[in-house]
Structure formats: structure tokens, C-alpha cells
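Participant: One structure is given below, represented as C-alpha cells, and several questions about it will come after.
The values are calculated or read from the model by the stated rules, or taken from the named source; none is laboratory data. Computed from a prediction, not measured in an experiment: that's the story for all the values here. In this analysis, Cβ positions are derived from the backbone assuming ideal geometry, glycine residues included, and neighbour counts consider all displayed protein chains.
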């Protein structure tokens with residue numbers, strides 16, 4: 001009787017895998033929590049959205065356009081996301097007089113969504129890649145993506161987009177919608193019809209899942225065809241209702257102008273350049289400046305899934321990128337490396353991990369891909385039964401063929417673990433992991449920089465407090481047009497008349513205070529140039545500068 005049975009060894013390996021995955025989830029969550037704990041003042045975009053959240057009723061948030069809080073400050077957002085933020089900030093009733101929103105309360109919703117996206121991506125990776133180190137790589141790509149970390153501390157809907165995308169993909173795999181299950185597709189359609197009101201990106205994710213299901217209809221029964229029609233009809237009904245009540249109301253020309261470069265140029269001659277530049281930016285966005293290195297693994301991952309008979313899954317994972325491109329051509333949604341494309345990260349991270357695993361397996365077997373099994377392997381014993389977070393129904397991707405000994409006999413009695421698979425040559429092992437390691441390390445470094453004291457986000461509160469403490473009742477405070485919205489959130493309501501929301505007064509009243517936030521070198525140069533124009537009227541003994549804001553007294 002051996003001291004350790006094969007079942008015990010397999011159970012120990014499963015526990016080690018689960019512990020490692022939980023460590024990755026905790027580290028990614030800790031980065032987001034550290035940025036959240038800094039409690040910096042709101043960005044201009046956050047403040048513009050919060051002005052509406054505080055001043056409007058729940059019904060008005062859903063059915064009316066979000067008001068501009070100044071020049072170039074128009075915002076938009078999904079109805080249920082806006083309601084969730086409002087509930088976390090002021091509850092369900094009207095905001096009390098002189099209400100100042102808490103940064104922590106307002107950012108609780110995006111923080112929760114960002115942490116949830118890591119958990120859901122871990123579940124998706126487990127279903128597609130099994131208990132392998134490639135699953136760790138996929139989750140690391142999302143957990144340490146700098147824009148994903150940054151958006152966790154931003155009162156905007158993009159962290160919600162990320163969580164919804166990962167959740168819908170995990171649901172599609174779990175329910176076998178990516179394997180042609182009629183019941184699974186209906187479940188995904190019903191879920192998507194609801195989450196569409198939380199995240200507009202749902203339209204692209206469900207569209208990709210539906211397209212993947214469509215390729216199976218040629219060999220499916222009438223039941224699957226009817227399910228596809230009914231599922232798409234359910235989602236279309238929800239989409240039309242939301243478009244009429246919310247999206248069409250929030251449509252604004254400023255937003256279209258703001259994203260103008262992310263839409264194709266009017267001249268067809270400029271299209272090739274536009275396609276190359278914006279495609280490059282999109283894939284590079286998640287782990288700039290070397291995120292573009294993930295394109296080859298992503299492409300190989302797509303081809304690998306197709307050859308393994310999982311084309312619907314490949315389309316579901318990569319399809320949102322193609323649908324965004326189509327929407328941009330129709331001038332309905334910007335295409336490129338922006339926060340609006342953040343929701344494509346879960347699918348692309350899984351494809352990158354699948355591609356790297358396919359490379360390793362193919363090289364290990366002498367580039368004989370045809371010798372690999374071309375259909376999904378069944379779930380291993382103990383998997384796909386309990387319905388836990390990291391359980392799957394369809395089983396992981398096909399594993400390499402079993403190890404063959406010199407005598408030609410397969411060791412069928414050995415457990416399917418990494419240590420019993422063929423060893424890769426040293427050069428191959430290093431090469432296959434270098435790309436992923438570089439991208440993850442660079443992403444982690446940038447993400448840590450986001451939360452370090454060396455990095456900063458605009459914080460106009462100290463500069464504003466400096467001016468408030470030193471001004472007389474007759475001295476107005478002129479606030480930079482963008483940061484004036486932020487200042488409005490912290491301004492005592494009884495003294496609001498002293499706040500001037502335009503920095504372009506000519507001549508500048510005297511005496512007065514100039515205040516701005518500093519979120520770029522350009523903004524700092526702007527206020528210094530403004531002050532130099534007022535010399536010798538600017539009193540340098542009453543000036544305030546820090547990494548987040550600036551204030552100056554003008555005599």
C-alpha cells in the first residue's frame with residue numbers, strides 16, 4: 001500500500017492550484033484597495049457625473065440627459081450603474097442641503113466591480129484552461145493591468161464593463177452556450193438582457209457569444225435554431241427599450257467630437273493608417289508599452305481553439321474586438337486603445353494564455369498538431385459536479401498525449417499533471433514564458449506605480465482650502481474650467497456666489513484667487529503662464545503648489 005494514493009496526490013495538487021489562484025486574486029484586489037484608500041479628490045469626469053447623481057432623482061437619472069457642469073463636461077452612463085452609485089452616495093432619497101459626496105462611498109461600486117472581475121476571470125480561466133499555470137497567467141494579465149487597476153478607483157462604468165464581460169463569458173462556458181446548448185444560450189440571453197442596463201458593453205459580449213452559437217446552427221436541430229432566435233429577440237427587446245429610454249437621451253455631439261479620432265476618417269485613403277494605428281493602440285492599451293507582444297499568442301490561441309473544435313468559444317472570446325470595429329465603422333462606438341475597450345481584456349487574456357499553452361504543447365510534440373486530440377476532453381474526476389466557483393462542465397482544453405515510455409507502453413496509471421508531461425527544451429520553455437512574464441511584470445510595475453506616493457492624481461482640495469482660508473469675503477476665486485466642477489463638490493453652498501467658473505476673464509478682477517488642479521505638466525505650465533501674465537500683480541508670498549493643485553493670490 002503506497003503511503004500516498006493517486007487520488008490524494010491529485011487532491012493536494014488541486015489545493016495548491018486553488019491557493020495560488022487565491023493569492024493572485026488577493027494581490028490584484030490589494031492593489032485596487034490601496035489606490036482606493038488614498039481617497040484623492042475626484043477627477044473632472046467623476047465630478048461631472050456626481051453633480052448629476054446628487055442633483056437628480058432616480059427617475060431623472062434614467063430618463064433625462066446628464067447635465068453639463070461646465071464647458072466640455074458632458075457625461076453618459078448606464079442607468080443601473082448610475083442608480084447604484086447614487087444609492088452608495090446618498091441613498092434612495094434626495095441629497096441633503098450642502099451635501100459633499102464621500103470619495104470612498106462614490107468609488108465603492110467600481111471597486112467592488114473591479115475585484116469581482118478578477119474572481120470571474122479566475123473562474124473563466126479554470127473552465128477553459130483547467131488547473132494549469134496558464135490559467136494563472138490569464139488572471140495575472142487582468143489583475144495587474146494598469147488601466148484595470150486605475151478604473152477601479154474611478155466613478156465611471158468601466159470596471160462594471162470588465163466584470164460583466166468576464167461574468168457573461170464564464171456563464172456562456174459554464175452553461176455550454178459555447179458548445180451549442182439551447183438552454184445555455186437562453187440563460188445567457190436572459191442574463192445579458194438584464195446586465196445591459198448595468199453595462200453598455202454587454203451588447204458586444206452577447207453579440208460575440210451569439211455569433212459563436214450561430215456557427216453551430218448548420219449541424220444543429222430545430223430546437224437550437226429556435227433558441228437562437230428567441231434568445232436574440234429577448235436581448236433585442238431589452239436593447240431597444242434601453243436605447244429609447246436612456247442611450248438616445250444621453251447622446252451628445254461633444255462626446256462624438258471627443259472620440260472623433262477613434263472613428264474612421266471620411267476619406268477611404270486614410271482607412272489603412274487608421275486601422276493599423278487604432279488596432280495597435282487597442283492591443284497595446286492593457287499593458288503598455290509592450291502589450292502589443294500579446295498579439296501573436298492571441299492569434300495562435302484563436303487558431304488553436306478552432307482546430308480543437310472550439311470555434312464558438314474562440315469567437316466568444318475575440319468577437320467583441322471585431323464588433324467594436326464594426327460599430328466604429330457605423331460611427332456608433334469608438335475603436336482603439338481607450339477605457340471604452342477595457343471590457344475586451346478578459347477574453348483576450350484567456351486567448352493569450354491558450355496560445356502560449358498551444359505553442360508549448362506543439363513544440364513539445366515536434367510540431368505535430370494533428371496528433372493532438374481535436375475535441376474537448378471530458379472533465380476529470382471530481383470536476384464539473386459540485387457547481388463551485390472554480391468548477392467547470394465542459395472540461396479544460398485538450399491536454400497533450402499521454403507520456404510514452406521507451407517500451408511503448410502508456411503509463412495510464414499516472415495522474416494527468418504537469419510533471420508527467422513531456423519536458424520542453426530549455427530554450428522553448430524560456431521563450432514561451434518570456435513574453436507573458438515581461439508583460440505581466442511591466443503591467444505589475446505600472447499598476448504599483450499607480451498606487452505609490454510617487455504617482456498622483458489631481459487633488460484640488462489642498463489648493464482650494466489654502467485659498468478659502470486666506471480670502472476675504474469680497475475676493476472671488478477663479479477656478480480652472482475643468483477643476484471648477486471638482487471645486488463645486490467641496491464648496492460651501494452658502495458661499496457659492498464667490499466661485500467663478502471661468503478662468504478666461506479679461507481683465508482679471510483684482511484682488512482674486514486663481515486655483516487649478518494639476519494632473520499633467522501641461523496644466524502646471526498653463527497656470528504658471530497665467531500667473532506670469534499677471535506679474536507683478538501675483539503675490540508670490542501667497543501662492544500654493546503641490547503635486548495635485550495650485551493656488552495664487554492676485555492683487
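Participant: Tell me whether the stretch 32-40 contains one or more residues that are over 18 Å from residue 459 (Cβ atoms), in a helix (DSSP H, G or I), at pLDDT 90 or above and touching a helix residue (DSSP H, G or I) at 6+ places or on another chain (Cβ under 9 Å). Full working, then the answer.
Facilitator: First, the residues of the stretch 32-40 that are over 18 Å from residue 459 (Cβ atoms): 32-33.
From what is left, the residues that are in a helix (DSSP H, G or I) are 32-33.
With the extra rule that they be at pLDDT 90 or above, the set shrinks to 32-33.
Next cut, touching a helix residue (DSSP H, G or I) at 6+ places or on another chain (Cβ under 9 Å) only: 32-33.
Yes, the stretch 32-40 contains at least one residue that is over 18 Å from residue 459 (Cβ atoms), in a helix (DSSP H, G or I), at pLDDT 90 or above and touching a helix residue (DSSP H, G or I) at 6+ places or on another chain (Cβ under 9 Å).
Participant: Shifting gears a bit: Just name the residue that is surrounded by the fewest Cβ atoms within 10 Å (Cβ to Cβ) out of those in the stretch 461-480 that are in a loop (DSSP other than H, G, I, E, B) and modelled with pLDDT of 75 or more. Spell out the reasoning first.
Facilitator: Filtering the stretch 461-480 down to residues in a loop (DSSP other than H, G, I, E, B) leaves 471-476, 480.
Narrowing further to those that are modelled with pLDDT of 75 or more: 471-472, 475-476.
Details: 471: 19, 472: 7, 475: 16, 476: 16.
Here the residue is 472.
Participant: Checking residue 176 against (1) surrounded by 15 or more Cβ atoms within 10 Å (Cβ to Cβ); (2) at pLDDT below 95; (3) closer than 25 Å to residue 77 by Cα: exactly one of these is not met. Which one?
Facilitator: (3)
Participant: So, one more: Quick test of your reading of the structure: residue 183 fulfils all but one of (1) surrounded by fewer than 24 Cβ atoms within 10 Å (Cβ to Cβ); (2) touching a helix residue (DSSP H, G or I) at 6+ places or on another chain (Cβ under 6 Å); (3) modelled with pLDDT under 95; (4) assigned to a helix (DSSP H, G or I). Name the failing condition by number.
Facilitator: It is condition (2) that residue 183 fails.
Participant: Between 210, 199, 159, 192, which is outside any helix (DSSP H, G or I) and either outside the structural domain of residue 34 (by TED's automatic domain parsing) or under 22 Å from the mean Cα position of the chain (by Cα) (or both)? If you could, list the steps in order and put the result at the bottom.
Facilitator: On the way: 210 fails: outside any helix (DSSP H, G or I); 159 fails: outside any helix (DSSP H, G or I); 192 fails: outside any helix (DSSP H, G or I).
Among 210, 199, 159, 192, only 199 is outside any helix (DSSP H, G or I) and either outside the structural domain of residue 34 (by TED's automatic domain parsing) or under 22 Å from the mean Cα position of the chain (by Cα) (or both).
Participant: Answer yes or no as to whether residue 80 is in the same structural domain as residue 242 (by TED's automatic domain parsing), within 21 Å of residue 169 (Cβ to Cβ) and either at pLDDT 85 or above or outside any helix (DSSP H, G or I) (or both).
Facilitator: So residue 80 fails the test.
Participant: Tell me whether the stretch 135-147 contains one or more residues that are assigned by TED's automatic domain parsing to the domain that holds residue 225, outside any helix (DSSP H, G or I), touching a residue at least 60 places away in the same chain (Cβ under 8 Å) and closer than 24 Å to residue 22 by Cα.
Facilitator: Here is the first cut: in the stretch 135-147, the residues assigned by TED's automatic domain parsing to the domain that holds residue 225 are 135-147.
Filter once more, keeping what is outside any helix (DSSP H, G or I): 144-145.
Checking which are touching a residue at least 60 places away in the same chain (Cβ under 8 Å) leaves us with 144-145.
After this cut, where a residue has to be closer than 24 Å to residue 22 by Cα as well, the list is 144-145.
Looking for residues that are assigned by TED's automatic domain parsing to the domain that holds residue 225, outside any helix (DSSP H, G or I), touching a residue at least 60 places away in the same chain (Cβ under 8 Å) and closer than 24 Å to residue 22 by Cα, one finds at least one in the stretch 135-147, hence yes.
Participant: Just wondering, is there one or more residues in the stretch 264-275 that are in contact with a helix residue (DSSP H, G or I) (Cβ under 7 Å, 6 or more places away or on another chain) and part of a helix (DSSP H, G or I)?
Facilitator: If we filter the stretch 264-275 for residues that are in contact with a helix residue (DSSP H, G or I) (Cβ under 7 Å, 6 or more places away or on another chain), which is where we start, we get 264-265.
If we keep only those that are part of a helix (DSSP H, G or I) too, we end up with none.
No, the conditions are met nowhere in the stretch 264-275.
Participant: For residue 150, which of the numbered conditions (1) assigned to a helix (DSSP H, G or I); (2) under 22 Å from residue 338 (Cβ atoms); (3) in the same structural domain as residue 286 (by TED's automatic domain parsing); (4) modelled with pLDDT of 90 or more fails to hold?
Facilitator: Every condition holds for residue 150 apart from (4).
Participant: Okay, next question. Which condition number does residue 293 fail, the rest of (1) closer than 15 Å to residue 338 by Cβ; (2) in contact with a helix residue (DSSP H, G or I) (Cβ under 8 Å, 6 or more places away or on another chain) being met?
Facilitator: Just one mismatch for residue 293, condition (1).
Participant: Restricting the search to the stretch 343-359, which residues are closer than 14 Å to residue 325 by Cα and surrounded by fewer than 24 Cβ atoms within 10 Å (Cβ to Cβ)?
Facilitator: Of everything in the stretch 343-359, nothing turns out to be closer than 14 Å to residue 325 by Cα and surrounded by fewer than 24 Cβ atoms within 10 Å (Cβ to Cβ).
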